[in-house]
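Visitor: Take this structure first; my questions come after.
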Amino acid sequence: MNKPRLSFIQIWNMSFGFLGIQFGFALQNANVSRIFETLGAKIDAIPILWIAAPITGLIVQPIIGHMSDRTWNRLGRRRPYFLSGAILASLGIIIMPNSPVLWFAAAMLWIMDASINISMEPFRAFVGDMLPSEQRTLGFSMQSFFIGIGAVVASALPYIMSNWLGISNTAPEGLVPESVKLSFYIGGAVFFLAVLWTVLSSKEYPPEELKKYSENPESKSSLRPADELPIPHNKFYKNGLIWTLTGVVLFIVFYNFIYMDYGLGVFFGGITVFGLLQIIVGAMSKQNKSDSGLVVVMNDLFKMPKTMVQLSYVQFFSWFALFAMWIYTTPAVTHHIYGAVDPQSELYNKGADWVGVLMAVYNGFAAVMAFLLIWLAKKTSRKMVHSISLLCGGIGLASFYIIKNPDLLLISELGIGLAWASILAMPYAILTGSLPANKMGVYMGIFNFFIVIPQITAAAILGFFVKHLFGDEAIYALLLGGASFILAALLVFKVDDVDEVKV
């Protein structure tokens, strides 16, 4: 039984909450490095302070996905998580710019990102739940549109506050400027109201109806019957031991013979923890606790559909590039182009405000291109569109190295915006058709691993690279990000798009 097609306004309403979600992410991406530097962070310490965000996503998203697959109450299946996450995230966004010290700001980033993830993860599964295959590209592109619009306004807010409304963009040492504070207050309100709109204006299929759609004989999920069987506990023990020893050995070698900082320590610690988790899951499986959320997630992780495995490599290098950009655009532009290193100086804050404009431009262009990408995908293929978009993003990000006029960076942002529009839509449109309906949430959460693992990797190694290989020049981190985009573009051609429907 095929799912019915939804009207344009229904898809609009179910996607509108992403306007608020991206308001939160855009304020975070454009201003958190600025807040950290204002509170005294050194440039090589910024990545490790950012590491809270991806670690939070790594933990929260699969758990929320697993829970939302099994939830049904008065609000529905996914909408309870939209609303609870929005309430918590809005409070976090309001508190963040009032952080009195650096450690408090890092903790608030952790809390804020966890709350945003509670809202965001079910939105991806929501499209898979509600839309037939031929409308999924439209659904994810609609999300891209609202992400772009929300990010344009949110990224530009500090610039608007200081240049249009005359609100100060400087402050005494250790204090965040009023223009940034007001931007975060507005962002908290927009986040909550936009998500509330989706919660109140959208309905969900009840479990029995969704089950009928999942039994469609034309379903092209690449899971085989054997994939539904749990992994033997001995295999978890073996894999866990290998991962644990790898993490411990790397930590000892780097600590004693090469170089160790907080970022690398967290990275190697993460490898060790992942190994220990597998050993724990093996013990739980041996005790026949196969219905435990942790066991379910780990089983599904190691039995991903083929398309999902192929897309994971594309996602890794795409998001490594994005995270390098988000972490280092502010110091790269203020230091490399404006020649300012003092966060209290007027020139530094002028450059930081311009970074907000650059972020707004790439997000705005992404919003414009979101629907054009649908048309291009129909004329060519989703894979071709995604590959070309990532290539343009790589060229755009790498061009920061050779451009000295900040105004010309607006052209660079067009390539990045095209990549961003495609990243937000095409991988999910390709992936959804390969997933079983009863595991849509948990697999969307697991797919997020390949968003947050590259971010953790970037946070762990980029500080080392910038300090010891790049001579504290953040611009080289952007150049590395450009190369990562280009590699992702090449890997797209290895992906099998199993249910692309041309309409």
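The values are calculated or read from the model by the stated rules, or taken from the named source; none is laboratory data. Bear in mind the structure is a predicted one, so any value in this text is a computation, not a measurement. We place every Cβ from the backbone using ideal geometry, glycine too, and count neighbours over all the protein chains shown.
Visitor: Select from the stretch 460-478 the residues that are in contact (Cβ under 8 Å) with a residue 24 or more places away in the chain and closer than 17 Å to F254 by Cα and write down the one among them that is farthest from the chain's Cα centre (by Cα). Outline the logic, then answer.
Guide: Just the residues of the stretch 460-478 that are in contact (Cβ under 8 Å) with a residue 24 or more places away in the chain, to begin with: 460-464, 466-468, 472-478.
Next, from what is left, pick out any that are closer than 17 Å to F254 by Cα: 460-464, 467-468.
Details: A460: 17, I461: 19, L462: 18, G463: 20, F464: 23, K467: 26, H468: 28 Å.
Of everything passing the filter in the stretch 460-478, H468 is farthest from the chain's Cα centre (by Cα).
Visitor: Being assigned to a helix (DSSP H, G or I) and surrounded by 20 or more Cβ atoms within 10 Å (Cβ to Cβ) narrows it down to one residue among V368, V357; which is it?
Guide: Testing whether each residue is assigned to a helix (DSSP H, G or I) and surrounded by 20 or more Cβ atoms within 10 Å (Cβ to Cβ) leaves just V357.
Visitor: Moving on. Can you name every one of the helices (runs of 4 or more DSSP H) wholly within the stretch 1-118 that holds 2 or more residues which are farther than 30 Å from K211 by Cα and either touching a residue at least 12 places away in the same chain (Cβ under 8 Å) or not assigned by TED's automatic domain parsing to the domain that holds Q455 (or both)?
Guide: In the stretch 1-118, the matching helices (runs of 4 or more DSSP H) lie at 17-38, 46-50, 52-69, 79-95.
Visitor: Given W110, W103, which one is surrounded by fewer than 24 Cβ atoms within 10 Å (Cβ to Cβ), under 17 Å from the mean Cα position of the chain (by Cα) and aromatic (F, W, Y)?
Guide: W110
Results for (1) part of a helix (DSSP H, G or I); (2) of a type outside the set (G, A, S); (3) surrounded by fewer than 23 Cβ atoms within 10 Å (Cβ to Cβ); (4) at pLDDT 95 or above, shown as yes or no for each residue.
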site: M384; (1), (2), (3), (4): yes, yes, yes, yes
site: L397; (1), (2), (3), (4): yes, yes, no, yes
site: I403; (1), (2), (3), (4): no, yes, yes, no
site: I416; (1), (2), (3), (4): yes, yes, no, yes
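Visitor: Between residues in the stretch 325-339 that are outside the structural domain of A477 (by TED's automatic domain parsing) and residues that are among the aromatic types (F, W, Y) and surrounded by fewer than 24 Cβ atoms within 10 Å (Cβ to Cβ), which pairs lie under 9 Å by C-beta distance while being six or more apart or on different chains?
Guide: none
Visitor: For residues that are small (G, A, S) and surrounded by fewer than 24 Cβ atoms within 10 Å (Cβ to Cβ), scanning just the stretch 4-55, find the one that is farthest from A352 (Cα to Cα).
Guide: Going through the qualifying residues, I end up with S7.
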